[in-house]
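Taking it in order: structure first as structure tokens, then the write-up.
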């Protein structure tokens, strides 16, 4: 089976940078661990992006050991995972990414 490609929108990259800075301020090793586990989750999406649609057309993938969720839309025809946000799961759902 061919793997999907993953593309992060600018908002998702900004979310990732903000979270990385937050965890790095606590402890640089924690920031590195966060990035490593986000990359694991993104790589998982390359292999299996078929998670349940949670709202609108968005699917969500949890980042292990951190309270973060990857918000994405799957284009099955082109085999692309479009990541719109990497958000703290405690955030108000009103702030979730929109298409």
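None of the figures in this text is laboratory data; all of them are computed from the coordinates on show. Please read these numbers as outputs of a predicted model, since none were measured by experiment. Please note: Cβ atoms are built from the backbone with ideal geometry, for glycine as well, and neighbour counts cover all protein chains shown.
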Exercise. Name the residue, out of 69, 63, that is in contact with a helix residue (DSSP H, G or I) (Cβ under 6 Å, 6 or more places away or on another chain) and surrounded by 18 or more Cβ atoms within 10 Å (Cβ to Cβ).
Key: 63
Self-check item: Selected residue [exposed (fewer than 12 other Cβ atoms within 10 Å of the Cβ) and out of contact with any strand residue (DSSP E or B) (no Cβ under 9 Å at 6 or more places or on another chain)] from 43, 48
Solution: 48
Quiz item: within 9 Å of the chain's Cα centre (by Cα) and in contact (Cβ under 8 Å) with a residue 40 or more places away in the chain - does that describe any residue in region 46-67?
Solution: no
